[in-house]
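This report refers to the structure that appears directly beneath it.
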Amino acid sequence: MSRNAAIVLMLCVAVAVSSCRNRSKQPTDTVSSGVIKISADESFRPLIQQEIDVFEGLYPAAGIIPEYDPFHNGHAWQLQQAKALGAQRVAVAMSCGLTQRGALPLLPESVRVQAALTCGADLVFALPAPYACSGAECFARAGVQLLAAAGCDALVFGAETPDAALLMEAARVLSGAEYRTALKARLAAGARSFAAARQAAVEAVCPGTGLAALLDKPNNNLAVEYCKAILELGASLVPIPLPRQGAGHGQALTETGGQFASASALRTLWQNGGADAAAPYVPAEVLPLYREAFSAGQYTDLAAAQRCQLALLRSRCAGTAPFAQVRGISEGLEHRLEAAVRSSTTHAELLDSLTTVRYPRARMRRLAMDAALDYSADAFPALPPYLHLLGAQKDALPLLKAAALPVSHSLARLAEQSVPCRAVVDAQLRACDFGALCRKKPEPMGGALRQKIIFLTK
């Protein structure tokens, strides 16, 4: 063995030993991330720097698919981790106009984009409303499509089980014909819900592997859909799951403590106590943005939004089966929806009338929003046809030269690209105009067409 080879081997051993010793202190260490300390003679600096440069070159551009509703400490931590993994740039495909829970976001895109850029994002694209307000499969496919088109090399996401190999294996199972056959059989047999049928089908195909149990957690579910989208779209994205920090979805603050809180808990804090109520759980540099938005009435008035949505739904109750063409309608749901709209006087009553074991509340919220905004089946393409740039670090803009989809900050220009682009832009504007009317201080129509791109300079 040569002297140089021996030196390199010793360094590798030192790194491995150090990593093992520090594992108990760094529970979030992975095969590609962690913290170690190396002491060596100054003459070894070029060798060590070369290895660092190789590692950082693995993932020059990472992507994240968030809602930032609102942006909080957990989101800032995720951006930091993406950079720590070696990402030189982080692109974000952020829900725009609507959220996956079938509701308006608490804060407008301008505030959420500014928060993301302030805390480390380099490019922020819109995940258009029709895709943002959809089930996990459609949501994931749309986000993966956008980030792959933007030239990202990796996809960073949270999971209760941050095991990329296991998540990819589950994705392969869900993409297979054997699973689809098993799923159809269990749905036909009267499974109590789609989620239950899904888990039972995976267990039937892969008994005793633990893959079915993996799907019992909300973030794992979405993580698997990300992996499945990567496989099915042939996207050149390396999946990098991170352990979820702090509170789980919908978890009360009293159950956790610390600096992390779920977005749903923060929305409740905001509605009850304003921006300052959320202060312990959001980055210090973001808090002034939230205080300004609160004082300007630039946030969703929940009561107004719910009443406006119900009014839109009532206005569509004309003719025979008025909701028959709404996206997501099946099994006679159009009749159930019409009856619920006619009898309900509040948004909560509407959802109570629609929700059953077979039809989860989250799906019914999305269905009601689709019906209110007249999102019909097959009205727009299955995947986003453009990249709508909401904000950027100025020095990251050269990355867009290689984008695989039309890219612009202007919705008007994107609408001119093609018929599918026009359809998605029209759907986006309906959501944005609805949201503008439902803010604490209502805003006029057309704001999304006038919105300027947000630039930051490091």
* Structure shown: which of LYS401/LYS440; LYS83/LYS401; LYS184/LYS228; LYS83/LYS217; LYS184/LYS217 lie over 30 Å apart, alpha-carbon to alpha-carbon? -> LYS401/LYS440
* To do: Post the alpha-carbon centroid distance, the range 256-318 to the range 319-363, in whole angstrom.
  => 26
* Tell me, what is the FRET efficiency for SER343 and ASP378 to the nearest 0.05, using R0 = 45 angstrom and their Cβ-Cβ distance as r? -> 0.95
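Please work out the Cα convex hull volume for the range 347-458 and give it in Å³ per residue.
Details: hull volume 18.1 nm³, N = 112.
Spelled out: Cα convex hull of the range 347-458, divided by residues, is 162 Å³.
Working out 0.36 nm times the residue gap between GLU285 and ALA165, then minus their Cα-Cα distance, what length gain in nm do you get to one decimal? List each step's numbers first, then the result.
On the way: separation 120, 0.36 × 120 = 43.20 nm, distance 3.61 nm.
Separation in residues times 0.36 nm, less the Cα-Cα distance, equals 39.6 nm.
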* Asked: What does the highest-first list of 372-381, 271-280, 154-163 look like by mean Cβ count within 10 Å?
  -> 154-163, 372-381, 271-280
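Can you pull the Kirkwood radius for the range 77-221, inverse mean 1/r over Cα pairs, to one decimal in Å?
Details: mean 1/r = 0.0585 Å⁻¹.
One decimal place: 17.1 Å for the Kirkwood radius.
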* Gyration tensor (alpha-carbon) shape descriptor, the range 169-313, a/c threshold 1.5 -> prolate
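Order the peptides 199-208, 431-440 from the highest to the lowest mean number of other Cβ atoms within 10 Å of their residues.
Numbers: 199-208: 17.3, 431-440: 20.3.
Order by mean packing, descending: 431-440, 199-208.
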* Unit Cα scatterers, Debye sum, the range 311-408: log10 I(q)/I(0) for q = 0.21 Å⁻¹ -> -0.98
* **Cα gyration tensor shape of the range 60-301, rounded if a/c is under 1.5, else prolate or oblate by comparing a/b with b/c** => prolate
* To do: Normalise the Debye intensity by I(0) for the range 250-374, one equal point scatterer per Cα, no solvent, then take log10 at q = 0.20 Å⁻¹ and round to two decimals.
  => -1.03
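Coordinate-derived values only; no laboratory data. No experiment lies behind these values; they were computed from the predicted model shown. Backbone-built Cβ (ideal geometry, glycine too); neighbour counts: all protein chains shown.
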